[in-house]
Amino acid sequence: MSTSSVLYDHPGPRAKIRNTVLSVVLGVGVVGLLWWIYSKFDQAGQWEARLWEPFTEPATWTQFILPGLWATLKAAAVGMVLSLAFGLVFAVGRLSDRWWISVPAGAVVEFFRAVPLLLMIFFVFYGVPFLIKGPVSAFWAVVIGLTLYNGSVLAEAFRAGIRSVPGGQSEAAYAVGLRKSQVMRLILIPQAARAMLPIIVSQLVVLLKDTALGYIVAYPELLQRGVNDLSANYGNIIAAAMVAAAIYIITNSLLTALAGWLDRRTGTRRARRPRQNRTVAADPTVAEPQG
């Protein structure tokens with residue numbers, strides 16, 4: 001009997017009817033809400049052609065939306081790489097047996113998880129120049145803020161994932177002579193990353209959306225260029241916000257689909273990978289023939 005059949009009871013006739021009725025009621029409610037929003041915007045004249053006409057002009061995309069999207073993706077890509085590295089390093093640090101590593105690592109993670117991201121970006125851009133006696137670009141202010149905050153959240157996710165791996169995995173690795181660093185690198189981290197993939201992808205989606213906070217330091221990301229600057233030139237802030245929201249949704253959906261594809265591809269490779277150094281245990285009840 002599978003685990004899913006034990007934990008999940010298939011609905012009976014009454015439950016199916018109830019679920020169908022609830023789904024229909026919910027669907028009607030969602031459609032009604034969307035119609036109400038549409039009618040309110042229509043009464044305010046937000047569907048007039050003049051407000052949407054700028055999006056049919058190539059200059060709108062080449063001067064505002066696409067440069068803002070590129071800046072968003074660039075900051076998000078660098079922030080994702082650094083956040084994953086930060087998360088792995090500090091997750092391993094918190095799991096260290098040496099207190100002088102685990103305690104500072106835990107303090108760093110808890111501190112940057114508690115500080116609001118907007119405040120960190122603001123401090124890096126305006127406060128760090130007093131420390132280094134030099135300016136910090138808006139790009140690196142956004143990236144560093146994203147790395148510190150999201151990296152701390154990912155560190156906790158990785159730590160939880162590593163602890164969720166059955167203890168027998170580590171014991172078997174130690175039994176064959178692996179050191180703790182090798183056990184962590186070869187056994188625990190790969191399994192934890194795969195188990196925590198949904199949480200990791202969710203946090204990376206949050207990171208991509210958080211690039212919009214770069215407006216506080218005038219970083220020319222999608223919100224700044226595609227909404228603020230565009231609406232200042234054409235006076236269609238609601239239309240610009242809707243287009244920017246649609247772009248965010250599409251981008252995040254593609255990121256989620258890419259993560260799902262990588263997960264399926266990794267699972268397929270593991271399933272097809274031949275077992276190496278396979279040994280067959282001899283049956284102790286059968287005596288080996290004498291030559």
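The values are calculated or read from the model by the stated rules, or taken from the named source; none is laboratory data. Keep in mind the model is a prediction, meaning the values are calculated, not measured. Backbone-built Cβ (ideal geometry, glycine too); neighbour counts: all protein chains shown. Please note that ligands, DNA and RNA were not included when accessible areas were found on the heavy atoms of the full protein model with its side chains. Shrake-Rupley method; radii C 1.70, N 1.55, O 1.52, S 1.80 Å.
The table for this structure:
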item	result
Additional length obtainable on full extension of the chain from Leu26 to Ala195, 0.36 nm per residue less Cα span	57.6 nm
Carbon plus sulfur fraction of accessible area for the range 6-66, probe 1.4 Å, in percent	68 percent
On Cα atoms only, tilt of 197-210 relative to the major axis of the chain in degrees	20 degrees
D_trans [Stokes-Einstein, Kirkwood Rh over alpha-carbon pairs] for the range 1-90, 37 °C, 0.692 mPa s, µm² s⁻¹	169 µm²/s
Fluctuation leader among Val21, Val103, Val143 - the chain, Gaussian network, Cα springs under 10 angstrom	Val21
Carbon/sulfur fraction of accessible area - the range 87-210, other protein chains in place, 1.4 Å, %	69 percent
Most to least packed among 155-166, 89-100, 215-226 [average Cβ atoms within 10 Å]	215-226, 155-166, 89-100
Estimated Rh, the chain: Kirkwood, alpha-carbon pairs, angstrom	23.8 Å
Relative contact order (percent, whole number), the chain, Cα cutoff 8 Å, 6+ residue spacing	22 percent
Solvent exposure ordering (accessible area, 1.4 Å, most first) of Thr62, Thr147	Thr62, Thr147
Efficiency of FRET between Trp52 and Arg264 - r from beta-carbon atoms, R0 30 angstrom, step 0.05	0.20
Residue-averaged 222 nm ellipticity for the chain, from DSSP H runs of 4+ at -39500 (n - 2.57), nearest 500	-22500 deg cm²/dmol
Over the range 42-149 - Rg/Rh using Cα atoms and the Kirkwood inverse-distance radius	1.20
Probe 1.4 Å, accessible area per residue of the chain, Å²	64 Å²
